[in-house]
Amino acid sequence: MPLQHFLLVFSISLLLVLLPAFGFAKLFVKAGEQGWKAYIPFYNTWVMQRLSGRPVHWVFWQFIPVIGWFITPGIFIEFSKLFGKNSLLDHTAAVLIAPFYFPWLASQEGLVFVGKEGVQRYQKPAWREWFDAAVFAIVAATLIRTFVFEAYTIPSGSMEKSLLVNDFLFVSKLSYGPRVPNTPLSVPFVHNYMPFGSSKKSYTTVGSLPYIRWFASPVKRNDAVVFNFPAGDTVINLPEFQSKDPYYDVCRRLGNGSIDAGRKIILSDSVSYPLAIHANDKTDNYIKRCVAIPGDVLSLRGGQLLIDGKQVAPPPDAQYTYSFRSTVPLDPEIMKEEFNTTEFGMDMSGRYVINLPYNKVEKFKSQPFLDGPLVADDETYESNAVTDMDPRTTAGDVFPYDTTYFKWTKDNYGPIWIPQKGAEIPLNDSTFILYERVIRVYENNTFYRDNGKIFLNGQPATSYRFKMNYYWMMGDNRHGSQDSRFWGFVPEDRIVGKAWLIWFSWENGPRWNRLFRTVK
């Protein structure tokens, strides 16, 4: 943990035990202790535990990052009981407004210190037993979900056939180091919106924290990674949009390629295009495979991935799109059983188009029904495809949406360098286009061009040094994935965790052969 992160966490822990100290001092005197003890951080909670007869080792738990923030209010509750305060209202106040509650409590006339014997004589109502148990369970589950692992469901086919729709995963938060939430004040167990189809946010940005990751470990190449969708910071808050049809894509589409023109259309019609702005940790969760790490040079040639100029073998269960002619109609059952695919159909020319797992390609090539070669999809750049409306062509539609310098498609892409923390690049027209969003949005700089010059934080600049590491994510379903080819780099502060274990899977019934399979 970096020193500045440790100091921030410790400062919060310190404030929690010091802010109510004025009230503690008067209450200590009523309990027969010297008031000065209340002003010594953590010694004051030691005294509280001793007075209440509770385990003093709780005091040491307060030093565990974040978890300690939940231990301290528990100590406060036990201390309030020593003065006969057992109501739910009192305990809620002791947790949420301790700096005000304990001075108020100390000022009450007739307040009596009942001691641990008085606490033991009090009998909780049954409903309070259940309520307290539920609160404890929620707090414990929230801590586990935030810092250890989280359940995740595969919503789309972008990782086929490595991961299938309705695979239920455990995502390890420890693999890359637990990330402290940017928005700690949120409704437990929900992500960015309230449940049951509501468009209301489930969190508040009050008390927002900067990016903090403890015991950070880098993402490795080929890891299946869950991350917050970087281009999901602004979304059109309607079910048909959200991250399925990203705001920035809609802007370019409405503006016929001009994002600024499209933005004006959206901002002028808040009824048709209501917007929601999300915090970094509250954009939608995506899962893709990390195919390039900081410092890599990535390119695609004919759909084949290259890193630093060397071809990379795809994951065996990943799939790609091919076309062919067949002498007989294809049988869906045979295609599913023999070649693990249900995704095929015939185009206007009479050729079949099929998505095949890479590990089934050689077997498919030897089938007697093939009338000619099995041809891998290979979209090359064509200038007349830039302005057409055909969704099958991606010339001009891939990141960074510039055809002056970058004549790329989803199959023939790059080379593109993945930003690395501490690395410096020259600033010119082409690097400005590639890294503008990284420098301006992800790294929080004022960054623009004016009269042929590039300005960084108000000053002319000829180079830039990156503050974070970045990653390039792609789906294993290479032609059915909204991935980095369409929206760019993933900053390290958006990384959630590593896909670890498939604990359940469902398709018209359990997929028994996928249960408890580790994710590769």
Margin query: Contact order normalised by length for the chain, with contacts defined as Cα pairs under 8 Å and 6 or more residues apart; what percent is it?
Written below: 14 percent
Item checked: Contact order normalised by residue count of segment 3-123, Cα under 8 Å, 6+ apart, percent -> 29 percent
Checklist line | Reach of LYS116 by Cα under 21 Å, taken over lysines that are not fewer than 8 positions away in the same chain | finding: LYS26, LYS30, LYS37, LYS81, LYS85, LYS124
Checklist line | segment 325-355 versus segment 80-137: alpha-carbon centroid distance in Å | finding: 69 Å
Margin query: So if each residue of separation counts as 0.36 nm, and I subtract the Cα-Cα distance between VAL206 and ILE40, what length gain in nm does that give?
Written below: 56.9 nm
Checklist line | D (Stokes-Einstein, µm²/s), Kirkwood Cα radius, segment 426-493, 1.306 mPa s at 10 °C | finding: 120 µm²/s
Check: How compact and how long is segment 3-123, expressed as Rg and Dmax of its alpha-carbon atoms in Å?
Finding: 13.8, 47
Next item on the list: Calculate the translational D of segment 380-520 in whole µm² s⁻¹ from Stokes-Einstein, where the hydrodynamic radius comes from the Kirkwood formula applied to all Cα pairs, the temperature is 10 °C and the viscosity 1.306 mPa s.
Entry: 89 µm²/s
Notebook entry, point to check: LYS467's amide H: which non-local residues (gap 5+, or another chain) put their own amide H closer than 5 Å, with H modeled 1.01 Å from N in plane and none for Pro or chain starts?
Noted result: GLY422
Checklist line | Phi-based couplings in Hz for segment 498-508 (Karplus 6.51, -1.76, 1.60; Gly and Pro marked x) | finding: 9, 5, 10, 9, 8, 8, 7, 8, 9, 7, 6
Check: Expressed in whole Å with the largest first, what are the equivalent ellipsoid semi-axes of segment 261-380 derived from the C-alpha gyration tensor as the square root of 5 times each eigenvalue?
Finding: 37, 23, 15
Next item on the list: Calculate for the chain the 222 nm mean residue ellipticity that helices alone would give, adding -39,500 (n - 2.57) per DSSP H run of length 4 or more and normalising by residue count, nearest 500 deg cm²/dmol.
Entry: -8000 deg cm²/dmol
Item checked: Rg ratio (alpha-carbon, reference 2.2 N^0.38 Å) - the chain -> 1.21
Check: Of the listed peptides 106-116, 16-26, 151-161, what is their order by residue-averaged count of other C-beta atoms within 10 Å, with the highest listed first?
Finding: 16-26, 151-161, 106-116
Note to self: Please compute the length gained on full extension between SER349 and ALA423, using 0.36 nm multiplied by the number of residues separating them and subtracting their Cα-Cα distance.
What the structure shows: 21.7 nm
Next item on the list: Just report the Cα centroid separation between segment 175-230 and segment 399-474, whole Å.
Entry: 25 Å
Next item on the list: In debye, nearest 20, what is the charge dipole magnitude of the chain about its Cα centre with +1 on Lys and Arg Cβ and -1 on Asp and Glu Cβ, if you could check?
Entry: 1900 debye
Check: If each of LEU19 and PHE215 carries a label point 7 Å out from its Cα toward its Cβ, how far apart are those two points in nm?
Finding: 2.8 nm
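Since every read-out is calculated from the coordinates, none of them should be taken as a lab result. Here the structure is a predicted model, which is why all the values come from computation and not from measurement. Neighbour counts are summed over all protein chains in view; Cβ atoms, including those assigned to glycine, are modelled from backbone coordinates with ideal geometry.
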